[in-house]
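Down below is the structure, laid out as structure tokens.
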Amino acid sequence: MPSSSPLYIAVICFICLLGACGKPSSSTLNYAIGDANSTVGGVHGRFELSKAGLTDHFDQQTVCVEVGIDSISKANALFEVKLAFAVWLSAAGYGQEEFDSLLFLLKPKCFHKDNQYDTVVQFTSFKSEVSGEDLRGRFNQPTINCERNQLNATCTSPVLTLGWGGPGGLNFDRLHSGVIERNSISRSFPSWISLSPYIKWVSIDQNLAAEFNFQDAKKLEINNQLKSMSSESTWSFINLVKFSEMLASESLIFSGDPIFAAESEKFMASNQKYFHKNIQPVFGAYHTLLHELGHTFGLRHADNPVPGSITGQSRDTHWDETRGQYLTSRASMAYSDLFAFLTDDDQKGVRASVESLRNYFNSKP
Ligand SMILES: [Zn+2]
């Protein structure tokens, strides 16, 4: 009898910095976040510049949302982008005021480096690709590769990049000339989230409909709540946070892509020796939005923190002796389960990121 071990590794990718690991040198926790200098251009960095009275450039932030795909409606995409923003803002200690200062613009095309926006979110497709965007260089074609020998049969897929995200580029300096001091702020590019054009992205309700391991009563409750929020006028900060609390209280974690499993099963049931095919995996957009938006708030991967940083001291965090870091997989910011909510570790991390910016502005000479 052939045995099967389909291996499918779906990874949400962000540029990770490599370097030496070291035990935290002080009792202060350094969470898995980028340093303030590199995250000041993020959503929270722009808020904090305003709050510190250093500029009025960001009293309102503009978010360009490009929905160039057919698998998810523009309304659902916009809802989930706003939901993800509300969730991170709430976790970061912000509220209605900051949420209402965000202007979301649904556009057929948002340009990655367009400085008139503070954040760009792209549900992009090859149809809407523009010169210089190079989606094929940024994302990879998902494939399934199966092989059978006398003892077993296996199907594998290359590591898949689902999305990219990171804080914008912004330089903040205090210039001194005698007793006169002025602030210099120059923005070079917006925060950016881009979802792979190779994936069939679906909305939360479509995702739930395909969940087999989730109780019907819970699905129904979430779907009823979604239906009550079908009109944009109901997407207030408070309602969005309430809905996200429902997802968290249900500990909603989405299943992975069903396409790879279905193709693997077909191969296992066949007599074929080899099988290779390009596939279009199906994923819920919301988890990837949460993950990539977390990067724009300066967070790095909780299961693979940058050198010198650790993750939050949540229930599931463990000390890795070899790396000299605290790690956890229980985070939307880890390459792990497809969480539909922010875990304790995510929340502590984003608060630490905001705190690090406040210290940075206070200490900058
Ligand atoms: Zn990532």
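Structure values in brief
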item	result
Residue that is surrounded by the fewest Cβ atoms within 10 Å (Cβ to Cβ) [pool: residues in segment 164-202 that are among the aliphatic types (A, V, I, L, M) and more than 22 Å from the chain's Cα centre (by Cα)]	VAL179
Failed item in (1) modelled with pLDDT of 90 or more; (2) assigned to a strand (DSSP E or B), with HIS176 passing the rest	(1)
Some residue of segment 92-102 being crowded, with 19+ Cβ neighbours inside 10 Å, closer than 25 Å to TYR326 by Cα, within 16 Å of the ligand (Cβ to nearest atom) and at pLDDT 95 or above	no
Unique residue being within 16 Å of the ligand (Cβ to nearest atom) and either more than 20 Å from THR161 (Cβ to Cβ) or assigned to a strand (DSSP E or B) (or both) when the list is PHE275, PHE267, PHE283	PHE283
Tally of residues being modelled with pLDDT of 95 or more and not in a strand (DSSP E or B) across segment 179-202	5
Of all residues making up segment 203-231, the number that are surrounded by 12 or more Cβ atoms within 10 Å (Cβ to Cβ) and not polar (S, T, N, Q)	12
Filtered residues of segment 164-207 (kept if within 19 Å of PRO258 (Cβ to Cβ) and within 16 Å of the ligand (Cβ to nearest atom))	LEU195, SER196, ILE199
Set SER184, SER203, SER177: member being among the small types (Gly, Ala, Ser) and touching a residue at least 40 places away in the same chain (Cβ under 8 Å)	SER203
Residues of segment 132-163 satisfying the condition of being surrounded by 21 or more Cβ atoms within 10 Å (Cβ to Cβ), within 16 Å of the ligand (Cβ to nearest atom) and either of a type in the set (Val, Ile, Thr) or in a strand (DSSP E or B) (or both)	LEU160, GLY163
Breaking point among (1) buried (at least 17 other Cβ atoms within 10 Å of the Cβ); (2) of a type outside the set (Val, Ile, Thr); (3) within 20 Å of the chain's Cα centre (by Cα), for LEU105	(1)
Test: residue in segment 349-361 that is among the aliphatic types (A, V, I, L, M), crowded, with 22+ Cβ neighbours inside 10 Å and touching a Pro at 6+ places or on another chain (Cβ under 8 Å)	no
Identity of the residue in segment 284-306, in contact with an Asp or Glu (Cβ under 7 Å, 6 or more places away or on another chain) and at pLDDT 95 or above, that ends up nearest to GLY324 (Cα to Cα)	GLY294
Subset of segment 58-90 (residues that are in a helix (DSSP H, G or I) and either of a type in the set (A, V, I, L, M, F, W, C) or in contact with a Lys or Arg (Cβ under 7 Å, 6 or more places away or on another chain) (or both))	ALA75, ALA77, LEU78, PHE79, VAL81, LEU83, ALA84, PHE85, ALA86, VAL87, TRP88, LEU89
Given (1) charged (D, E, K, R); (2) over 18 Å from LYS82 (Cα atoms); (3) under 18 Å from the mean Cα position of the chain (by Cα), index of the condition GLU129 fails	(3)
In segment 47-75, the residues that are acidic (Asp, Glu), farther than 19 Å from ALA92 by Cα and at pLDDT below 90	ASP56
Segment 318-342 - residue that is part of a loop (DSSP other than H, G, I, E, B) and away from the ligand (no atom under 15 Å from the Cβ) and, of those, surrounded by the fewest Cβ atoms within 10 Å (Cβ to Cβ)	THR322
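The values are calculated or read from the model by the stated rules, or taken from the named source; none is laboratory data. What you are looking at is a predicted structure, and each value in this text was computed from that prediction instead of being measured. Note: ideal-geometry Cβ built from the backbone for every residue, glycine included; neighbour counts use all protein chains shown.
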